Amino acid sequence: MRSLRDTSLALLALLAADPTAAAEGEQIYVKACAMCHNAMPPKLGDKKAWEPRLQQGKEALVATVIKGKGAMPPKAGNPALSEKDIEAAVDYMLNQVK
Ligand code: HEC
């Protein structure tokens, strides 16, 4: 976990250098979501897995991440994330399956 933390610090530095919302979503995704969503379903960019979820709408998905679901802990296990952070990460994920 230590190396993940180091990575997130580096990414936070990147984030400060590029404050656009899309970049922010990607950085949050990489830091807080990729370890699961690059490895297990629903995987990033897997249209089949995301299709039924897209129909719930973004707000419902953000609420689900805040609450947690199945193997995903509340706030993806990262209580420091704000609702806005989670929304940016969800935006990034949904953009990969559009
Ligand atoms: C510990 C692993 C883990 C992490 C970290 C994680 N997820 Fe998940 N996520 C899951 C799993 C597993 C599911 C499938 C849950 C289910 O359908 O039972 C899921 C489902 C989802 C869904 C779909 C919810 C639904 O209603 O089906 C969204 C959206 C999502 N994750 C977003 C995120 C975001 C954004 C982050 C980072 C802030 C994140 N996840 C971090 C494991 C994780």
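Every number here is computed from the coordinates shown, using simple stated rules; none is lab data. Just so we're clear, the structure is a prediction, and the values are computed from it rather than from any experiment. Here Cβ is always computed from backbone atoms with ideal geometry, including for glycine, and neighbour counts include all displayed protein chains.
Observations on the structure shown:
- Hydrodynamic radius by Kirkwood, which averages 1/r over all alpha carbon pairs of region 2-95, in angstrom: 13.5 Å
- Placing pseudo-labels 7 Å out from each Cα toward the beta carbon at Lys43 and Lys58 gives an inter-label distance of 2.5 nm.
- Straight-line reach from Lys43: taking Cα to Cα under 15 Å and skipping same-chain neighbours fewer than 8 places apart, the aspartates and glutamates in range are Glu26, Glu51, Asp91.
- Backbone N within region 64-98 under 20 Å of label point (7 Å from Glu51 Cα along the Cβ vector): 93-98
- For the chain, the dipole from Cβ point charges (+1 on Lys and Arg, -1 on Asp and Glu) about the Cα centre works out to 380 debye, to the nearest 20.
- Pairs from Lys48/Lys98; Lys47/Lys75; Lys75/Lys98 whose Cα-Cα separation, in the structure shown, is over 18 Å: Lys47/Lys75; Lys75/Lys98
- For region 44-98, applying the loop criterion from DSSP together with a ceiling of 16 other beta carbons within 10 Å to the GluC sites (Glu not before Pro) yields no site.
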